[in-house]
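The values are calculated or read from the model by the stated rules, or taken from the named source; none is laboratory data. Just so we're clear, the structure is a prediction, and the values are computed from it rather than from any experiment. Note that we place each Cβ from the backbone using ideal geometry, even for glycine, and neighbour counts take in every protein chain shown.
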Amino acid sequence: MEFKDGENAAKLLRAQSHIWNHILSYINSMSLKCVVDLGIPDIIHNYGKPMPLSKLIASLPIHSSKAGNIPRLMRVMIHSGFFSQHNITENELEVEYTLTDDSILLLKGHPFSILPFLLCSNDPILKKPWHHLSTWFKNDDLTPFETAHGMLPWDYANRDPKVNNLLNESMACDAQLIAGVFIEKCKDMLNGLESLVDVGGGTGTMARAIAKSFPRLKCTVFDLPHVVADLQGSENLEYIGGDMFKEIPPADAILLKWILHDWSDEECLKILKNCKEAIKSKGKEGKVIIIDMVIEEDKGDDKSVETQLLFDMGMMVLTTGKERSMKEWGILISSAGFSDYKISPVLGLRSVVEIYP
């Protein structure tokens, strides 16, 4: 095939590059997982200053025959913004590496580390359903996860302690960061409340932070029995096992952090109606506090919208849920019988949605 138009050829080459980047994008996440598995962020951090490549290689638990490949691994991670490189001399082994803001969040001991989320997302059990996505479109299974594994993630986690721990630790690491920001920016939402139930609160990271900051507020973590089994509460924190689709313990406020995006509209209506019943005794003063994404494609920056859309695809593959637009949130809240709501976009990619009976 001949190209008479140089501009047309350039367009095709750009298109080819764009497609290649999408095809090979999994390499970024798997390379990042490799970097973490080898302990590179912690090794550089513990060194205490810019770390020469020769020192890094000597510190890694790798076979000597693989040493020459470390600069290649680091190069793609530098391009992705996870490390910075400083050239001292022309000798390649005198290159020095430092952490960036991004890699700091991958340190094992960092209080806001998102390392568990990385390990969970890249686990083969959660990767396998993506290979069944097109098959799922042709059958009547609820999710591609079910197509791949014959059950939903929650059932799988109930049977497999490893997956259960991955999911719980993944949610807990996110809650650690979000809890601090939420308490700082949204403390007025909690002032005056006497009781709060964190529905689907997992191991209680979010509720513990709230209970510590509001010692007069009685906090309850409500989750499936196998999730909260053997967890110990405190003076103003308790754990209760149960099913949010059947009944939610009564309280002044119900917290749903990153819960509703896991479920279909029909399932969310059941949850929200149970929430309304749980705050019924508080009358107009009761409320439900939702922490979830609100997709606004025309207002967010490209990277933020891309992240939200990727999460939406993740919900489609792993759960029956989805990330919702402002309009979809309004319809869902109204359909559940609530009279009013307020959206506060104060948590980065996520918003706080207060809904009132």
Q: Tell me which residues, restricted to the stretch 180-202, are at pLDDT below 90 and crowded, with 21+ Cβ neighbours inside 10 Å.
A: G202
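Run down I70, I62 and say which single residue is surrounded by 14 or more Cβ atoms within 10 Å (Cβ to Cβ) and β-branched (V, I, T).
Values: I62 fails: surrounded by 14 or more Cβ atoms within 10 Å (Cβ to Cβ).
Unique residue meeting the criteria: I70.
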Q.
Of the conditions (1) closer than 16 Å to G314 by Cα; (2) over 15 Å from the mean Cα position of the chain (by Cα); (3) in contact (Cβ under 8 Å) with a residue 12 or more places away in the chain, M171 satisfies every one except a single condition; which number is it?
A. (2)
Q) helices (runs of 4 or more DSSP H) wholly in the stretch 85-164 with at least 3 residues that are farther than 19 Å from M74 by Cα and in contact (Cβ under 8 Å) with a residue 60 or more places away in the chain - which ones? A) 153-159
Q: Give E285, E328, E306 a once-over and let me know the one that is among the acidic types (D, E) and at pLDDT 95 or above.
A: E328
Q: Identify, by number, the condition in (1) in contact with a His (Cβ under 9 Å, 6 or more places away or on another chain); (2) modelled with pLDDT of 95 or more that R72 doesn't meet.
A: (1)
Q. In the list S65, S31, which residue meets the criterion of being of a type in the set (S, T, Y), modelled with pLDDT of 95 or more, part of a helix (DSSP H, G or I) and within 30 Å of the chain's Cα centre (by Cα)?
A. S31
Q.
Residue pairs, Cβ under 7 Å, 6 or more apart or interchain, first in the stretch 207-224 and over 12 Å from K187 (Cα atoms), second among the aromatic types (F, W, Y). List them.
A. V221/Y239
Q | Members of the stretch 329-357 found to be aromatic (F, W, Y), out of contact with any Lys or Arg (no Cβ under 8 Å at 6 or more places or on another chain) and not in a strand (DSSP E or B), listed by number | A | W329
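When the residues of the stretch 288-307 are filtered to those that are surrounded by fewer than 20 Cβ atoms within 10 Å (Cβ to Cβ) and more than 12 Å from P345 (Cβ to Cβ), which remaining residue is farthest from the chain's Cα centre (by Cα)? Before the answer, list the steps.
To start, the set of residues in the stretch 288-307 that are surrounded by fewer than 20 Cβ atoms within 10 Å (Cβ to Cβ) comprises 296-307.
Imposing the further condition that a residue be more than 12 Å from P345 (Cβ to Cβ) reduces the set to 297-298, 301-303, 305-307.
Numbers: E297: 20, D298: 23, D301: 19, D302: 19, K303: 16, V305: 15, E306: 14, T307: 10 Å.
Restricting to residues being surrounded by fewer than 20 Cβ atoms within 10 Å (Cβ to Cβ) and more than 12 Å from P345 (Cβ to Cβ), the top hit is D298.
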Q) Residues of the stretch 213-261 being modelled with pLDDT under 95, buried (at least 16 other Cβ atoms within 10 Å of the Cβ) and assigned to a helix (DSSP H, G or I), which ones? A) V227, V228
Q. Among I289, I240, I271, I254, which is in the same structural domain as S170 (by the TED database), over 15 Å from V353 (Cβ atoms) and among the β-branched types (V, I, T)?
A. I240
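Which of the residues spanning the stretch 287-328 are among the small types (G, A, S) and either assigned to a loop (DSSP other than H, G, I, E, B) or within 19 Å of L269 (Cβ to Cβ) (or both)? Steps first, answer last, please.
Filtering the stretch 287-328 down to residues among the small types (G, A, S) leaves 300, 304, 314, 321, 325.
If the condition is that a residue be among the small types (G, A, S) and either assigned to a loop (DSSP other than H, G, I, E, B) or within 19 Å of L269 (Cβ to Cβ) (or both), then G300, G321, S325 are the ones that fit.
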Q: Taking the residues in the stretch 128-159 that are among the charged types (D, E, K, R) and modelled with pLDDT of 95 or more as candidates, determine which candidate is surrounded by the fewest Cβ atoms within 10 Å (Cβ to Cβ).
A: D140
